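The values are calculated or read from the model by the stated rules, or taken from the named source; none is laboratory data. Not measured: the values here are computed from a predicted model. When we count neighbours, we look across all protein chains shown, and the Cβ atoms used for this are built from the backbone with ideal geometry, even at glycine.
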């Protein structure tokens, strides 16, 4: 997997540097201009040798020589000083001429040159070649000229780098550079240079201070499934409301690929959003997942693409709209070329959603079509939801809440591996609550409610019978009991824990839900909102339990206990958590055949003995089978800026019956993985990182990556080696990549490695 290579990020850094360096002419303009006005600037010429000063009353010309200092006291920019061998000032024309070994200091800026001509009255400036710098940037130019009519300053044959050397290792050579209105910088004929070798050319570039300017990134490397590759990304800000990014990638084994992206922001009412595109003619033949089990050779279309659009707007207060669409050429497009995005969202969805909020209610309208037929998807065409937020009924002790949905739904299975179905559905839920607090510490909330459902079509073993209507009635009752107990030990002290005082908070709770058997069981109803496998236990109460079509008989009590230990830490003695441990389990009062009385037990633990290291552990244990179902634990160390480490373990029990035959969870049907992440700064110039992912169930080192960092004078470099040995019959994958990045600061930036940078809508 390749790095986000940022050698081309010289451009955004250049913009930041130009804020200080490209405005050299502006420094002169402001300093000298303010001096001419005598308003908030005071300046004087001081000869460094007694007698090296001459003034002619006739010509009104002052000459200082043999070393001259000009001291300037400027209110806005701060004090400045200019040293030169010789200075001539014409009092009538306002012409100032400085010659020989010129050095200017102001606000950390250092400017050196041999010739400076400045007119105090017209603010015209002209210089010979010069060199300037303000850490960490240096700049040189053949000349500076000003245009009083436009207020612009023009520099010819400019150079910008972070390497303060006569021969920078990495730099930008600019044919002409202009600064206008103190903010706008325009560069023409810019060449990015590695030593004396140009590697990228930009004919035109404009940057405005305070705005995100144009930028270029590229990622070179080798990957076994790609061959040699070079991924290019050029961002151009067209105006404050619109920017464009152009992607042009080449992979020797796959061919040329790319496409434009747009990002816009037209204000809250018109909205903001992104459009992304990517297309290619793939050289490699890819088997179609629909025919993996087929004996015939069937390949995906080589013309592969990815189009997406995301938009959101606030039409008026409390009224928002969202729209998201993504169209893919095939189910493997994101996996093959946008791997980081694919890991987060294996089946991206498309939708249009409108939300209206009131004080006690909310209304949403969602349309969710299926644009990619090769994914399992529930279409909502559309779905309308009206939510009645919890509110008190007059002055009574009762509270009321509701949720009503209506729409037309279709569940489509990919590659016809399941029988698709569709139906209109109306579901309405209503509930009365009576929360009460007793003795100031015990909270009791009894609940009573019901729901009604209508389905235009039902399911049966005979497809002919699917067109029958169905009506479902569900009633439920329950209660929540909770309390909060605490004790404070103000005298507790521990240097090892960095603890000042200790507070223990104990929060036991009980949730009880009773649902008699509905007149229509889930097996007889189309499943549009259904229970999905999850590592964590689902809620038991209504309406948090929102798998509408899966509602069935239930008689369950969930018992929980949360322990919270807190202390004061840091110089400001802020409250911090030492330990937060939440445990709960379900007790089935009326178990189904084959079920026991006790269901799974869940533990969620977070321990932070010090601010710089912590322990997290989540476990789910089957009390029926006396077996661990899920475990995820890790320990993180962040002691300083020299090293950091994370060690972890993820276990998911191999249980196809529980997880489903289609293996629909992202964790698979079995997992016993050990992982480690280590970063170490060897010295000021070298750093290293190690990532490993080991599958203990079959002794497979599934993924390991090694990265070596080097700090050069003007840039940082990194070499990355990544090897994968995946499951599922996929071939081994090896990636070699090199990262070079112009730096604004002399520190390493440790980020996530990604195959291709992606900011698609589902990540927002």
Looking only at the range 468-482, and only at residues there that are more than 30 Å from residue 561 (Cα to Cα) and surrounded by fewer than 18 Cβ atoms within 10 Å (Cβ to Cβ), the one that is modelled with the lowest pLDDT: 468
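Evaluate the following for residue 253: is it assigned to a strand (DSSP E or B), under 27 Å from residue 200 (Cα atoms), at pLDDT 90 or above and in contact with a strand residue (DSSP E or B) (Cβ under 6 Å, 6 or more places away or on another chain)?
Working: assigned to a strand (DSSP E or B): no; under 27 Å from residue 200 (Cα atoms): yes; at pLDDT 90 or above: yes; in contact with a strand residue (DSSP E or B) (Cβ under 6 Å, 6 or more places away or on another chain): yes.
So residue 253 fails the test.
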Residue in the range 701-720 that is surrounded by 16 or more Cβ atoms within 10 Å (Cβ to Cβ), closer than 30 Å to residue 377 by Cα, at pLDDT below 85 and in contact with a helix residue (DSSP H, G or I) (Cβ under 8 Å, 6 or more places away or on another chain) present: no
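Which of the residues belonging to the range 435-448 are part of a loop (DSSP other than H, G, I, E, B) and either at pLDDT 95 or above or surrounded by fewer than 14 Cβ atoms within 10 Å (Cβ to Cβ) (or both)?
Filtering the range 435-448 for residues part of a loop (DSSP other than H, G, I, E, B) gives 435, 439-441.
Residues satisfying the conditions are 439, 440, 441.
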Single residue of the range 506-530 satisfying the filter (out of contact with any strand residue (DSSP E or B) (no Cβ under 9 Å at 6 or more places or on another chain) and not in a loop (DSSP other than H, G, I, E, B)) that is modelled with the lowest pLDDT: 523
So residue 527, is it touching a residue at least 12 places away in the same chain (Cβ under 8 Å), within 20 Å of residue 443 (Cβ to Cβ) and either surrounded by 15 or more Cβ atoms within 10 Å (Cβ to Cβ) or within 37 Å of the chain's Cα centre (by Cα) (or both): no
Residues (exposed (fewer than 13 other Cβ atoms within 10 Å of the Cβ) and more than 17 Å from residue 639 (Cβ to Cβ)) located in the range 601-626: 625, 626
Listing of strands (runs of 3 or more DSSP E) fully contained in the range 64-109 that carry 3 or more residues being within 15 Å of residue 128 (Cα to Cα) and at pLDDT 75 or above: 95-106
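If only one of 493, 451, 503, 487 is touching a helix residue (DSSP H, G or I) at 6+ places or on another chain (Cβ under 9 Å), at pLDDT below 95 and in a strand (DSSP E or B), which one is it?
Working: 493 fails: touching a helix residue (DSSP H, G or I) at 6+ places or on another chain (Cβ under 9 Å); 503 fails: touching a helix residue (DSSP H, G or I) at 6+ places or on another chain (Cβ under 9 Å); 487 fails: touching a helix residue (DSSP H, G or I) at 6+ places or on another chain (Cβ under 9 Å).
Checking each option against the conditions leaves just 451.
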Residue 341 being touching a residue at least 12 places away in the same chain (Cβ under 8 Å), in a loop (DSSP other than H, G, I, E, B) and touching a helix residue (DSSP H, G or I) at 6+ places or on another chain (Cβ under 7 Å): no
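Do the conditions hold for residue 349, that is, is it touching a helix residue (DSSP H, G or I) at 6+ places or on another chain (Cβ under 7 Å) and not in a strand (DSSP E or B)? Please lay out each step first, then the result.
Working: touching a helix residue (DSSP H, G or I) at 6+ places or on another chain (Cβ under 7 Å): no; not in a strand (DSSP E or B): yes.
Answer is no for this residue.
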Pairs with Cβ under 6 Å, 6+ apart, first in the range 678-691 and surrounded by 15 or more Cβ atoms within 10 Å (Cβ to Cβ), second in a loop (DSSP other than H, G, I, E, B): 679/750; 681/642; 687/748
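From the list 158, 172, 215, which residue is at pLDDT 70 or above and touching a helix residue (DSSP H, G or I) at 6+ places or on another chain (Cβ under 7 Å)? Please lay out each step first, then the result.
Numbers: 158 fails: touching a helix residue (DSSP H, G or I) at 6+ places or on another chain (Cβ under 7 Å); 215 fails: at pLDDT 70 or above.
After ruling out the rest, the residue left standing is 172.
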Residue list for the range 386-428, filter: farther than 19 Å from residue 525 by Cβ and assigned to a strand (DSSP E or B): 386, 387, 388, 389, 390, 391, 392, 399, 400, 401, 402
Any hit, the range 664-671, residues being touching a strand residue (DSSP E or B) at 6+ places or on another chain (Cβ under 7 Å), modelled with pLDDT under 85 and outside any loop (DSSP other than H, G, I, E, B): yes
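Of the residues that sit in the range 580-600 and are within 34 Å of the chain's Cα centre (by Cα) and crowded, with 16+ Cβ neighbours inside 10 Å, which one is farthest from residue 500 (Cα to Cα)?
Among those residues, the one meeting the criterion is 584.
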Single condition residue 646 does not satisfy, out of (1) exposed (fewer than 15 other Cβ atoms within 10 Å of the Cβ); (2) at pLDDT 90 or above: (1)
Failed criterion for residue 148 (all others in (1) at pLDDT 70 or above; (2) over 27 Å from residue 248 (Cα atoms) hold): (1)
Some residue of the range 732-741 being over 22 Å from the mean Cα position of the chain (by Cα), closer than 18 Å to residue 335 by Cβ, modelled with pLDDT of 75 or more and surrounded by fewer than 16 Cβ atoms within 10 Å (Cβ to Cβ): yes
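Based on what the data block shows, is residue 675 modelled with pLDDT of 80 or more and either in contact with a strand residue (DSSP E or B) (Cβ under 7 Å, 6 or more places away or on another chain) or on the phi < 0 side of the Ramachandran plot (or both)?
Details: modelled with pLDDT of 80 or more: yes; either in contact with a strand residue (DSSP E or B) (Cβ under 7 Å, 6 or more places away or on another chain) or on the phi < 0 side of the Ramachandran plot (or both): yes.
Against the criterion (modelled with pLDDT of 80 or more and either in contact with a strand residue (DSSP E or B) (Cβ under 7 Å, 6 or more places away or on another chain) or on the phi < 0 side of the Ramachandran plot (or both)), residue 675 qualifies.
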Residue check for residue 312: in contact (Cβ under 8 Å) with a residue 24 or more places away in the chain and within 23 Å of the chain's Cα centre (by Cα): yes
Condition check for residue 688: at pLDDT 90 or above, under 30 Å from residue 192 (Cα atoms), in contact with a strand residue (DSSP E or B) (Cβ under 7 Å, 6 or more places away or on another chain) and assigned to a strand (DSSP E or B): yes
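Against the condition without any contact (Cβ under 8 Å) to a residue 60 or more places away in the chain, more than 24 Å from the chain's Cα centre (by Cα) and farther than 23 Å from residue 311 by Cβ, how does residue 256 come out, does it pass?
Numbers: without any contact (Cβ under 8 Å) to a residue 60 or more places away in the chain: yes; more than 24 Å from the chain's Cα centre (by Cα): yes; farther than 23 Å from residue 311 by Cβ: yes.
So residue 256 fits the description; yes.
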Residue within the range 311-330 that is outside any strand (DSSP E or B) and under 23 Å from residue 377 (Cβ atoms) present: yes
Selection count, the range 233-248, where residues are within 21 Å of the chain's Cα centre (by Cα) and at pLDDT below 85: 5
